[in-house]
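Peer 1: Just passing along the structure, written as structure tokens.
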């Protein structure tokens, strides 16, 4: 009877042990990521690495401008179309500018901009650092007495903090233009009423909230992408070029999920 009880208890505890082990591993990984972020923030470059930071501002920000503008334009157009036919049911199509402006500034602008930059620049960030890791370039930096985090990661985080709010503001402006094309040009709303509603409804608190989200997303994307690339060599599921590809995929997926999670958390504090 005691043997039967011990076997039963063992089968009951096995899934619990597995869940507990997985939870502890995730907590340890989170702590490692936070230490990685803290060390990278401590090495935010000054004047000596200004040119290196500007290089990443170009690669992360300037080269992502076109895709951000394109997505912003069609997001504004689709959002204007959907909101118009929803508001018509209540006879409130005149407030299209308010609804579209608040939706873009508060939510869609920061979130979609961050996701587009993740797809465009975050994946490249992971791949570049991952290749430097597997080709032992990072080990060479250690040998030369250069801090790899300060040289490789810190400029990317600084560049992300600079570019994310700017591209978010650009996304919002182009989104307003897309809503204008749909609401005023195609559906015949009054242009003065459209822009008046945008101006009247959006406050500095809304703009500041969108900027705060953009900065939080910048930290998330730059840290997650750099972390996955930096520790590519420690992956247990693959190695070499395949490991770089898996790290890039993981970085994009994790960044996108964390953007949505952080959006909810930040929104709950701002409201």
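Peer 1: Based on this model, can you work out whether residue 166 counts as crowded, with 20+ Cβ neighbours inside 10 Å and assigned to a helix (DSSP H, G or I)? Quick ask: steps written out before the conclusion?
Peer 2: Values: crowded, with 20+ Cβ neighbours inside 10 Å: no; assigned to a helix (DSSP H, G or I): yes.
No; evaluated as a whole, the condition is false for this residue.
Peer 1: Picking from 3, 44, which residue would you name as being modelled with pLDDT under 90 and not in a helix (DSSP H, G or I)?
Peer 2: Working: 3 fails: not in a helix (DSSP H, G or I).
Unique residue meeting the criteria: 44.
Each row is one residue, and each column tells you yes or no for (1) within 30 Å of residue 179 (Cβ to Cβ); (2) out of contact with any strand residue (DSSP E or B) (no Cβ under 8 Å at 6 or more places or on another chain); (3) surrounded by fewer than 16 Cβ atoms within 10 Å (Cβ to Cβ).
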residue	(1), (2), (3)
197	yes, yes, no
211	yes, yes, no
249	no, yes, yes
254	no, yes, no
269	yes, yes, yes
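Peer 1: For the stretch 169-190, how many residues are surrounded by fewer than 18 Cβ atoms within 10 Å (Cβ to Cβ) and more than 20 Å from the chain's Cα centre (by Cα)?
Peer 2: Count: 7.
Peer 1: Output the number of residues of the stretch 102-142 satisfying the condition of being over 21 Å from the mean Cα position of the chain (by Cα) and assigned to a helix (DSSP H, G or I). Walk me through how you get there before you give the answer.
Peer 2: First, the residues of the stretch 102-142 that are over 21 Å from the mean Cα position of the chain (by Cα): 131-142.
Now drop any that are not assigned to a helix (DSSP H, G or I), which leaves 131-134, 137-142.
Going through the stretch 102-142 one residue at a time, the tally reaches 10.
Peer 1: Restricting attention to the stretch 84-101, report how many residues are outside any helix (DSSP H, G or I) and in contact with a helix residue (DSSP H, G or I) (Cβ under 8 Å, 6 or more places away or on another chain).
Peer 2: 0
Peer 1: Just give me the residues in the stretch 74-89 being surrounded by fewer than 19 Cβ atoms within 10 Å (Cβ to Cβ) and within 29 Å of the chain's Cα centre (by Cα), in sequence order. Lay out the reasoning, then the answer.
Peer 2: Of the residues in the stretch 74-89, the ones surrounded by fewer than 19 Cβ atoms within 10 Å (Cβ to Cβ) are 74, 78, 81-82, 85-89.
Result: 74, 78, 81, 82.
The values are calculated or read from the model by the stated rules, or taken from the named source; none is laboratory data. In this text the structure is predicted, and so the values were computed from the model without any measurement. Note that we place each Cβ from the backbone using ideal geometry, even for glycine, and neighbour counts take in every protein chain shown.
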